[in-house]
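Colleague: Below you will find the structure I want to go over with you.
The values are calculated or read from the model by the stated rules, or taken from the named source; none is laboratory data. Note that the structure is a prediction, hence the values are computed from the model and not measured. We place every Cβ from the backbone using ideal geometry, glycine too, and count neighbours over all the protein chains shown. Note: accessible area is taken over every heavy atom of the protein model, side chains too, but ligands, DNA and RNA are not part of it. Shrake-Rupley method; radii C 1.70, N 1.55, O 1.52, S 1.80 Å.
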Amino acid sequence: MSTFFEYEIRLNGLDVDNRGQCKASALLNHLQNAAALAAEDGGFSRDVLVERYGAFWMLARSWYRLARPLVYEDKLTIRTWHRGAKGAIMYRDYDILANGQPVGESVSAWVLASLESRKLMRLGAIAELEGTSGGALCKTMTLVKLRQPDDLREVEHRLMRYSDSDLNGHVNNTRYADFACDAVSMERLSKDRYLAEMQLGYLAECRPGEFLNIQTSGRGDSWFVRGVDAAGKPRFESALFFGETPV
């Protein structure tokens, strides 16, 4: 039996950039809202995990690919399911539709962490996950650590602030998409190009008051962006791939 959840939203002015295209951070936010609602619908929401297991979901990696840019007032449908609870990582898959037409897909990798110690927990301990996977719908793509370029250069020294934080007390993972897009100066992107694919890796938590040195490497349509702390420890990494906007 295949189990999936559908989430619908119409893109508004808060979702899009100065060209009317959906920002990466906004799309990731909608994907995560869909994941949260799917977890609630499946009986393994954050509240359930906190109350019964003293645990919470933590996003480790995310990836998406779009065949065209999502634009202002698109009716977005996100169809999502998970692949089961084996080992320490749970993959969640997404199909992305705009105005009823398939336009993209996404994969995210989640881990379960102890609320008290922040140590990872085994997913098999969560009885509520049993029998709730997407079954035949499940994708096969896995997300691995990004290969780091040799020619990274620092472009920004960025302070993490109150407005970057979320319910868990750390910088919300969607904000790293904004950091990456700022680092490659997306506002200069020509009208015939769009952000077609992005992968993000969340390597360590950041909290308000901390600084990140933002580093980039790339040329043309392929870019790598990462943030490191004052000790040189990587906190996030990302890869961005740009494509030609369909006519």
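Colleague: Per residue, how much accessible area does segment 1-72 have with a 1.4 Å probe, in Å²?
Modeller: Numbers: 3560 Å² over 72 residues.
Accessible surface, normalised per residue, equals 49 Å².
Colleague: Taking all pairs of different Cα atoms in segment 197-247, averaging 1/r and flipping that mean, what Kirkwood radius in angstroms comes out? Could you put the intermediate results ahead of the total?
Modeller: Working: mean 1/r = 0.0821 Å⁻¹.
Taking the inverse mean of 1/r over all distinct Cα pairs, segment 197-247 comes out at 12.2 Å.
Colleague: For segment 1-131, report the translational diffusion coefficient in µm²/s to the nearest whole number, using Stokes-Einstein at 10 °C, 1.306 mPa s, and a Kirkwood Rh over Cα pairs.
Modeller: Numbers: Rh = 15.5 Å.
Translational D for this selection: 102 µm²/s.
Colleague: Whole Å is fine, so just give me how far the alpha carbon centre of segment 82-145 lies from that of segment 27-62.
Modeller: Comparing the Cα centres of segment 82-145 and segment 27-62, I get a distance of 10 Å.
Colleague: How about segment 40-92: which chymotrypsin sites (Phe, Trp or Tyr not before Pro) there are in a DSSP loop, with at most 15 other Cβ atoms within 10 Å of their Cβ? Please report the intermediate quantities before stating the final value.
Modeller: On the way: sites: 44, 53, 56, 57, 63, 64, 72, 81, 91; in loops: 44, 72.
Of the chymotrypsin sites (Phe, Trp or Tyr not before Pro), the ones in loops of segment 40-92 whose Cβ has at most 15 other Cβ atoms within 10 Å are 72.
Colleague: For segment 157-210, what does the accessible surface come to per residue with a 1.4 Å probe? Please give it in Å². Don't skip to the end; give the middle numbers.
Modeller: Working: 2620 Å² over 54 residues.
Accessible area per residue: 48 Å².
Colleague: Moving on to the next point. In segment 28-86, which GluC sites (Glu not before Pro) fall in coil by DSSP and have 14 or fewer other Cβ atoms within 10 Å?
Modeller: Working: sites: 40, 51, 73; in loops: 73.
In loop regions of segment 28-86 (DSSP not H, G, I, E or B), the sparsely surrounded GluC sites (Glu not before Pro) are 73.
Colleague: With all protein chains present, how much of the accessible area of the chain (probe radius 1.4 Å) comes from carbon and sulfur, to the nearest whole percent? Don't jump to the answer; show the numbers that get you there.
Modeller: Working: 6140 of 12410 Å².
The value for the chain is 49 percent carbon and sulfur by accessible area.
Colleague: Can you list which of the DSSP-assigned H helices in the chain have a Cα extent of 15 Å or more along the long axis and an average Kyte-Doolittle score of at least -0.5?
Modeller: 24-42
Colleague: Most mobile of 107, 16, 144 per a Gaussian network model of the chain (Cα springs, under 10 Å)?
Modeller: 144
Colleague: Can you list which of the trypsin sites (Lys or Arg not before Pro) found in segment 117-216 are DSSP loop residues with at most 16 other C-beta atoms within 10 Å?
Modeller: 118, 119, 122, 139, 145, 147, 161, 191
Colleague: Can you bin segment 79-228 into rounded, prolate or oblate? Criterion: square roots of the alpha carbon gyration tensor eigenvalues sorted a ≥ b ≥ c, rounded for a/c under 1.5, prolate for a/b above b/c, oblate for the rest.
Modeller: Details: a/c = 2.05, a/b = 1.28, b/c = 1.60.
Verdict is oblate for segment 79-228.
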